[in-house]
Amino acid sequence: MSEGETLDDNQKAIIENVEKFGWSVMHVTSDNPEAPTFCYSIGFEHTLGQPEVLVYSLRRDLAGSMVNALFHQCKDDGLELTDGKAIGNLIEGYDCVARPIEDPRAWERHFGYAMWFHRYRDGKELRRAMQIVWPDPDSRAFPWEEDCSPGIRLGQIQLYPSGGPRV
């Protein structure tokens with residue numbers, strides 16, 4: 001940040017949240033009703049040395065609680081976010097799966113404030129991000145699996161590599 005540049009309200013809140021809690025959550029909506037909503041973390045890399053995370057198309061309160069629970073699993077339980085890692089206790093009754101977001105263009109489109117925070121706080125660019133993918137509640141299939149419904153696939157834009165996890 002250049003000298004004399006002022007912080008906007010979101011930037012101030014992010015800094016305060018990361019200092020107080022270790023992370024912040026940003027919720028993103030669109031004026032386009034067809035565009036899925038999403039939320040992402042800010043501060044996972046800074047505080048935990050873990051990738052930032054993103055969750056698509058869930059209610060704001062649920063998506064935010066998932067990011068919060070994930071932070072605590074990483075911090076308190078030593079969870080390491082890797083491709084294909086099954087993660088319980090984010091959505092009651094279902095495991096979610098972590099998938100890497102490898103394309104920096106996806107980072108730019110989805111992690112705006114996280115990218116800003118990394119440059120502001122650590123003088124570095126965002127290096128890693130994971131998409132937390134949830135299953136079809138009926139079939140329990142993930143978007144890369146045949147039995148996953150088209151609606152679940154469309155609601156979770158695929159930012160991760162094609163096919164199943166590379167475990």
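None of the figures in this text is laboratory data; all of them are computed from the coordinates on show. For clarity, every value in this text was computed on a predicted model and none was experimentally measured. In this analysis, Cβ positions are derived from the backbone assuming ideal geometry, glycine residues included, and neighbour counts consider all displayed protein chains.
Before moving on, here are some points about what is shown:
- For Met66, the conditions (1) surrounded by 22 or more Cβ atoms within 10 Å (Cβ to Cβ); (2) touching a helix residue (DSSP H, G or I) at 6+ places or on another chain (Cβ under 9 Å) all hold with the exception of (2).
- Where helices (runs of 4 or more DSSP H) sit wholly within region 89-167, none has at least 3 residues that are small (Gly, Ala, Ser).
- Per-region count, region 46-69, residues in a helix (DSSP H, G or I) and in contact with a strand residue (DSSP E or B) (Cβ under 6 Å, 6 or more places away or on another chain): 6
- In region 16-34, of all residues being among the aliphatic types (A, V, I, L, M) and either in a loop (DSSP other than H, G, I, E, B) or in contact (Cβ under 8 Å) with a residue 60 or more places away in the chain (or both), the one that is farthest from Gly151 (Cα to Cα) corresponds to Val18.
- Residues within region 88-141 that are crowded, with 18+ Cβ neighbours inside 10 Å, more than 13 Å from the chain's Cα centre (by Cα) and over 22 Å from Val18 (Cβ atoms), tallied: 3
- Look at region 99-128: where a residue is hydroxyl-bearing (Ser, Thr, Tyr) and a partner is surrounded by fewer than 13 Cβ atoms within 10 Å (Cβ to Cβ) and part of a loop (DSSP other than H, G, I, E, B), sitting 6+ places away or on another chain with Cβ atoms under 6 Å, you get Tyr120/Met1.
- Residue-level analysis places Thr47 outside the set of residues that are within 18 Å of Phe142 (Cβ to Cβ), of a type in the set (Val, Ile, Thr) and surrounded by fewer than 20 Cβ atoms within 10 Å (Cβ to Cβ).
- Restricted to region 1-44, and to residues there that are among the aliphatic types (A, V, I, L, M) and under 11 Å from the mean Cα position of the chain (by Cα), the residue that is surrounded by the most Cβ atoms within 10 Å (Cβ to Cβ) is Ile42.
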